[in-house]
Every structure is written in C-alpha cells, then in structure tokens.
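Okay, structure first, notes after.
The values are calculated or read from the model by the stated rules, or taken from the named source; none is laboratory data. Just so it is clear, the structure is predicted and the values come from calculations on it, not from any experiment. Methodologically, a virtual Cβ is constructed for each residue, glycine included, from the backbone with ideal geometry; neighbour enumeration extends over all protein chains shown.
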Amino acid sequence: MNRTSFRTAFVPGAAALALAVSLSACAAGNETSSANGDTEGSSLSGTLSGGGASSQEAAQNAWRAGFQEANPDVTVNYDPIGSGGGREQFSSGGFPFAGSDSYLTDDEGELSAATEQCGSDPIEIPNYVSPIAVIYNVEGVDELNLSPEVIGQIFNDEIKNWNDPAIAELNEGVELPDAPITAVHRSDESGTTENFTNFLGTVAEDAWPHGEVGEWPIEAGEGGNGTSGVVSAVTNGTNTIGYADASQAGDLGVASVQVGDEFVAPTPEAAAKILEVSPRVEGRPDVDMAFDLDYETEESGVYPIVLTSYLIACQTYADQETADLVKGYLGYIISDEGQQVAAEQAGSAPLASSLAEEAQGIVEAISAE
C-alpha cells in the first residue's frame, strides 16, 4: 500500500490550504514533546489544524487553551464541522487529526481510505465520554421522564402532542400542555445523530424503525446545523425537544431516560459507566480502541444514550514537525490534566485510568516516517 504524505495532500484546493498544517521547524531537532503535553526542554512550535465532531467543541476549546499556554509557540485550530466532515477531511489528507463521535467503518469506505492515507492502520482512541441529553423547552415542565420507546415515537413523528397518554403515564403529577411537539434534529451528517439513532434502533426498534443513521431520515421536525444549531432551535422555539451533547444543554430541561425499572439523568458519571459494561469492536488492531456500546444494559445507574468520541490520527507522518505536534496535542488531551480540564469546562467524564494509560501508550508511539 502506498503511503501518502500529508504535506503533499494539503496542496490541492483552497479549502485544503485553509485547513492545512502550517509548521515552523523546531529550533532543536532532537528535542520533542512528551505525550502528556509536557514540553519542558523542547521547542515545539507551529500551527496544527484539525476538526470534526461539534460535540467536542467546548472541550477542544479548553484543550487548545491549556496546550497553548504550556506551548506558547504553538497554535491549535479545531473546526467543529461535524463528525462526518472530520472523518472525510482526515481520510483525504485535509486534517492530520480529527474528532469523531463514531469510529471509522468501511460502510462508505472511510476505514480503507484512512488506512491508505496513513499508510498503516489509523489510530482511534476515546478522548471524550459524554451523555447525549434529550433536551426540551416546555414552559412549566421542570422534570421529565421518557422511555426509549416514547423518545423513538416522538422523533419518528408518531407522538405529536405533549399531553399524549404515553408521555403522561411516565410523568404522573406533571402538568403537560395540550400543545404540539416540535422535534429538533441535526440537519448535517452527525456522529451525535448516529449514536442517538443507534440507541433508538437497538432498544426501541418498533418505535424507531430507521436504525442507525448519520443523516436524519424523515422530513418531519425541524433541523439545526451542528450541536449549537439544535440547542439554539430548542431554546428559541416553543414546546420543543431535541438531542445534543449534555455539556451544551445550558438552561434547557433534560429528560431522565428509563433504564430497567429506574429513570437515569444524563450525568457524566452515569455516562462513563457504559464503557465498563461495553465490549470492544472485534477485529480491530492494537492502535484502535473502538467500543460497541451496550445500549441495552439494565445496569443500575448507567445512562444509556452516550457518545464516546474519538481522536483519529496516523501512526506516522511525513515530517517530524507534524508528528511532534499531533503527538504532543493528543497526549495532552488524554493526560490527567487534559481530561480534568474537559470535565470542568465541558462536563465530560474523565477516562478511566486504565483506558487513559492504554491510549497514552498508543500516542507515545506516533513518529515521523
């Protein structure tokens, strides 16, 4: 398999040029950053541009600030164009790293394209675990319980009114308005949508017969571009409901979701527990830490609508500068400091120490050709 240089891949097209990695040479060629972002004694410098999952935007802003404070000669850019756009840009050479709310597959040839671009198996490591909240804006309704079946029926345009008996049965004592529901979905291809619909298609197949999709499959409802677009539409609308990374919910109501006999709120701690009960994707190489989330778990305290977001990168790069920047930045994200910064600023759940240690080992091995 031919190895494609990121340096040459960035040349064609204005869009690629705008997103390219612009790097200045390290002053001391033998000094490089460690994978935890500690650059003491190094001269890491340049500009690193990646992008992808908009759900990571708040966390990426926090990571960029922390990493750039420790490395004042480095600029990191992250374009929240959505998971699908991030994977596409990475696989075509537009980004040296990407964020994605779903792992690479060959359903549309993405895994093969990424492997060809990198010249070896691409790296996929979890970096961001967060609940996908079912957000709502209904006057007078401060708490809301929903089952997977009811959520599926609402977003499939089968339940159309807030005081529908199926909703009322789950919310005894709550005064639900006799008003039409406006369901808001992502209008762009989205890893958040993939995770949300994968949950519905797995747990409530009769209510959501469309299965896992990255692009919204029905015309009903209102579309919003990116996580911010969905949150804005729910916030500015009336009697609205949507789905978004819980860290972006702001002052909106968030529903508790039925798991077994209990209703669980979308907290980072409850979301993180799903990795403890979920298997790895079979047949993946050692540098790939993709999970098949167990949406059907009835384990107490587990919030089941979760996105496990990944960092996608190459094991080797065409030049030392790119390798050093990717290695340093990804290492910082996975470090204890990076995970804590994201927890504080974006409400995500820090990775379990065993997962973080495994991911650091993968990042440490990033090198130049």
* **Residue selected from the stretch 179-234 under the condition in a strand (DSSP E or B) and of a type in the set (A, V, I, L, M), by the criterion farthest from the chain's Cα centre (by Cα)** => A183
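Residue by residue, here is whether (1) assigned by TED's automatic domain parsing to the domain that holds S190; (2) of a type in the set (K, R); (3) touching a helix residue (DSSP H, G or I) at 6+ places or on another chain (Cβ under 8 Å) holds:
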residue	(1), (2), (3)
E298	no, no, no
Q320	no, no, no
K327	no, yes, yes
D336	no, no, yes
Q340	no, no, no
Q345	no, no, yes
* Asked: Hey, which of the helices (runs of 4 or more DSSP H) in the stretch 264-362, taking only ones fully inside, have at least 3 residues that are over 25 Å from P122 (Cβ atoms)?
  -> 268-276, 336-346
* For residues that are surrounded by fewer than 16 Cβ atoms within 10 Å (Cβ to Cβ) and closer than 16 Å to S54 by Cα, scanning just the stretch 213-224, find the one that is modelled with the highest pLDDT. => G223
* Structure fact -> Only one of L252, L293, L311 is crowded, with 22+ Cβ neighbours inside 10 Å and either modelled with pLDDT of 95 or more or not basic (K, R) (or both), namely L311
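For the structure I just gave you, tell me whether G94 is modelled with pLDDT of 95 or more and assigned to a loop (DSSP other than H, G, I, E, B).
The answer is yes for G94.
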* the stretch 99-153 - residue that is over 24 Å from the mean Cα position of the chain (by Cα) and among the β-branched types (V, I, T) and, of those, surrounded by the fewest Cβ atoms within 10 Å (Cβ to Cβ) -> V141
* Asked: Do any residues in the stretch 213-225 that are on the phi > 0 side of the Ramachandran plot have Cβ atoms under 9 Å from those of residues that are among the hydroxyl-bearing types (S, T, Y) and not in a loop (DSSP other than H, G, I, E, B), where the two are at least six apart or on different chains, and which pairs are they?
  -> G221/T182
* **Filter pass, E269 being closer than 28 Å to V341 by Cα and surrounded by fewer than 17 Cβ atoms within 10 Å (Cβ to Cβ)** => yes
* Structure fact -> Counted residues in the stretch 272-290 being buried (at least 17 other Cβ atoms within 10 Å of the Cβ), out of contact with any Leu (no Cβ under 9 Å at 6 or more places or on another chain) and modelled with pLDDT of 95 or more come to 1
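Go through the residues of the stretch 55-67 one by one and say whether even a single one is crowded, with 24+ Cβ neighbours inside 10 Å, at positive phi and at pLDDT 95 or above.
No, there is no match, as no residue in the stretch 55-67 is crowded, with 24+ Cβ neighbours inside 10 Å, at positive phi and at pLDDT 95 or above.
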